[in-house]
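These notes are about the structure you will find just below.
All of the numbers you see were taken from the coordinates with simple rules; none came from a lab. Owing to the predicted nature of the structure, the values given are computational and were not obtained by experimental measurement. Virtual Cβ from ideal backbone geometry, glycine too; neighbours counted across all protein chains shown.
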Protein chains: 2
Amino acid sequence: MRTHIVYAHPHNGSLNAALRDEAVQTLEALDHTVTVSDLYAMNFKAVADFDDFGPTESETFIDAAAEAWEKDALAPDIKAEQEKLLAADNVILQFPLWWFTVPAIMKGWMDRVFANGFGYGTSRAWKRYGDGVLAGKRAMIVVTTGAADAHLSDRGVNGDINDLLFPIQHGVLFYTGMAILPPVVITGAGWQSEYADMVKHLRERLETLAETEPIAYRRQTDDYDEHKRLLPGREAPGTTGFALHIAQ
Amino acid sequence: MRTHIVYAHPHNGSLNAALRDEAVQTLEALDHTVTVSDLYAMNFKAVADFDDFGPTESETFIDAAAEAWEKDALAPDIKAEQEKLLAADNVILQFPLWWFTVPAIMKGWMDRVFANGFGYGTSRAWKRYGDGVLAGKRAMIVVTTGAADAHLSDRGVNGDINDLLFPIQHGVLFYTGMAILPPVVITGAGWQSEYADMVKHLRERLETLAETEPIAYRRQTDDYDEHKRLLPGREAPGTTGFALHIAQ
């Protein structure tokens, strides 16, 4: 098994760095081949711009991206990340929750690596949501936050952490075809959680990576009409919001 | 009235750039003093790191941020953005929807400008969700997307655009005290929408900036218990997800 970890934290003495090292050790003990993209350590370029595409005569950003994809002219750091994803069986995104989503450097990794042609396309027939370039792989988020568990719970003022992660888990990772495992969420980081408990939980999840049941996000080809709206009656009565897109 | 526009698009010949110019003209015709942070044009640093804080002896990133705030040692570009926000009556965030949220450069603007001490604090008594450093101001998102309207509708496969924008509108803008106006959402950009219609819609929204009813996000001080969970019975029966945090 090959597992690729995409990791973002600005401090190499952080809780996140320690958990990353624990993850690598645990996976290697399970005979995984582990690769890590440590975005801060790599000084990964966060901002998608025309420099990613080489010379272009396209008049829009999205067309320039498509042209670069077709000409195999994407920046080398983007291509390297795409290769790591293609080579992996499992993809783990690890980050601290900043403003209820990933730090900018990891958002930039998504913007740049999941470029037009690789991560998405403009064709009506583009395979997405359960099928796509990364189909057959498994993905899992490992996220830390200083917020208390209750604040991120179903009625918590920040919103339910599962809803907050939906745009990443469903909108990026499932979009490109991966099966999404329930996230490892470490709340109260730095004050409410014990390090030994976090490590134990993380290890258990890594040891069961292959057999954990993925979140039952609905495949676009199965449950949506021609306008990509959920077909009537597919959901449990009263279901609304992002929960519509998970089979019960 | 002072209105500050935070804008992110990599191409100055884009639809977004044209709409930004229309917005500036419309607001100036209404006698607003308009400032624009054009993040790409400014080459705004997207990645929050220790360089933002000056010399520190703090052992964690969050403590280093707090120390920099207390010592007034934040990077000049961060301080300049904070000043623009403090000076404004209205704040507009304009961006193309990339992977269902803001481009990385705008996420970096949030990560860096809404730093510990300014945008949030670690104290239990920190004022947030309806109160905070930006209370009394109004905020509005202007977002473009190539996705079709139906794909972002209540049952659309991408998720409802209002839920997708919740972590930004509620989790960042309302968190810091601003009143959030319903977003200007331009779907089908580049193929489904007519430019004249977009401009008309945008102008109408800008002309009614002062009197438009904000989204009724619940104030933390009003509707939540000591664990910051929504008090029982506050919502309409059957309400779940992010909708819990909007008064009916």
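What percent do you get for the relative contact order of chain B when only Cα pairs under 8 Å and 6+ apart count?
Values: 380 pairs, mean separation 46.5, N = 248.
About 19 percent, as a whole number.
Would you mind computing, in nm to one decimal, how far apart the modelled labels at residue A:89 and residue B:236 are, each placed 7 Å from Cα along Cα→Cβ?
4.9 nm
How many percent of DSSP beta bridges within the protein assembly as shown run antiparallel, rounded to 5?
Percentage antiparallel, nearest 5: 15.
If you average 1/r over all unlike Cα pairs in the protein assembly as shown and invert the result, what Kirkwood radius do you get in angstrom? Don't jump to the answer; show the numbers that get you there.
Working: mean 1/r = 0.0431 Å⁻¹.
Kirkwood radius, the protein assembly as shown: 23.2 Å.
So how strong a dipole does the protein assembly as shown carry about its Cα centre when Lys and Arg Cβ are +1 and Asp and Glu Cβ are -1, to the nearest 20 debye? Walk me through the intermediate numbers first.
Working: 44 positive and 70 negative charges, 134 e Å.
The calculated dipole for the protein assembly as shown is roughly 640 debye.
What gaps in nm, shortest first, separate residue B:33 from its twins in the other copies when you place the label 7 Å past Cα toward the beta carbon?
6.1
Below 15 angstrom from the Cβ of residue B:161, what's the summed charge of the other residues (Lys, Arg +1; Asp, Glu -1)? Mind showing how you got there, number by number?
Working: positive: A:228, A:229, B:155; negative: A:163, B:149, B:154, B:160, B:163.
Here the charged neighbours net out to -2.
Work out the P(r) tail for chain B: percent of alpha carbon pairs separated by more than 34 Å, whole number. Display every interim value, and only then the final one.
Details: 5575 of 30628 pairs.
Of all Cα-Cα distances in chain B, 18 percent exceed 34 Å.
Lysine pairs in chain A with alpha-carbon atoms under 23 Å apart, 8 or more places apart or on different chains: how many are there?
17
Quick one: 3J(HN,Hα) in Hz for the stretch A:120-125, Karplus 6.51/-1.76/1.60 with θ = phi - 60°, rounded, Gly and Pro as x.
Result, rounded to whole Hz: 8, x, 9, 6, 4, 8.
What residue of chain A has the nearest C-beta to the axis that moves A onto B, and what is that distance in Å, given as a whole number?
Whole-Å result, nearest residue of chain A to the axis: A:241, 2.
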